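Participant: What follows is a structure written as structure tokens; I'll ask about it next.
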């Protein structure tokens, strides 16, 4: 796979993090930035502003027929999603729990209890994501930063997204396409998502869902052909969120699939 060939040309982020952490005497949680080379491994998830307006069903934005709005994508405090791998060997839960201030911006915390990487970005770093720090408004769900779990120091490592990653651009409708992130380094790496269909019926361990949106994410790299690249895939159910996703493990050229096992909506 071409993507694996490219990533094998750069220093593995995991080794970069280990080297950086071992060279200082402070806890990983106090570090604000990774080494510049790690910026090649861009990261995801999105939003802006206060949360209350978007969980209040009395506040209804102008709707586009056949679309999924920010109100249909739950992120209320206490909401949780439990996913299981296709082979049934790994189960993990993510949960919206609390807020934090980053550079004067109030962000939400999406915590994960996974002990292994469960998305492409985490795979590139070589460490699981412990916390995703995001905002959400009527236009987008944006990830501002994340914390990686470094088992060899038993602590987290803070990574600010530069630029921020717009994971979801609202409303979602067939044909909607947006740039998730574009690196500021050379070569330029661009993550793009596009909604391909919106009337799917999908069955996962949590049940059968109708009117499911199917979204693909493609990664392009300057001066490298994109033919043959495998996309990352997401299935989004209204009032639930991601019920299934597949991502490409760029290091080993394999595809990993996770499905929703349980969803609990917060308040």
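Values quoted throughout were computed directly from the atomic coordinates according to the rules given, and no laboratory measurement underlies them. Since the model is a prediction, treat every value here as computed from it, not as a measurement. Note: ideal-geometry Cβ built from the backbone for every residue, glycine included; neighbour counts use all protein chains shown.
Participant: Where Rh is the Kirkwood radius over the Cα pairs of the range 81-174, the temperature 4 °C and the viscosity 1.567 mPa s, what D in µm²/s does Stokes-Einstein return? Kindly include the intermediate steps, with their values, before the conclusion.
Facilitator: Details: Rh = 14.3 Å.
Estimated via Stokes-Einstein, D reaches 91 µm²/s.
Participant: If you don't mind, there's one more thing I want to ask. Based on other C-beta atoms within 10 Å, arrange 235, 178 from fewest to most.
Facilitator: Going from sparsest to densest Cβ surroundings: 178, 235.
Participant: Roughly what % of Cα-Cα distances in the range 175-235 sit above 14 Å, to the whole percent? Write out the running numbers ahead of the final one.
Facilitator: Numbers: 1157 of 1830 pairs.
More than 14 Å apart: 63 percent of the Cα pairs in the range 175-235.
Participant: Residue 85 versus residue 113, label points 7 Å from Cα toward the beta carbon: distance in nm?
Facilitator: Roughly 1.8 nm, to one decimal.
Participant: Quote to one decimal, in nm, the extra length available between residue 264 and residue 199 on full extension: 0.36 nm per residue of separation minus the C-alpha distance between them.
Facilitator: Extra length from residue 264 to residue 199 when fully extended: 21.1 nm.
Participant: Further question: How far, in nm, would the chain grow between residue 102 and residue 154 when pulled straight, counting 0.36 nm per residue and subtracting the alpha carbon separation?
Facilitator: Going from the current span to full extension adds 16.4 nm.
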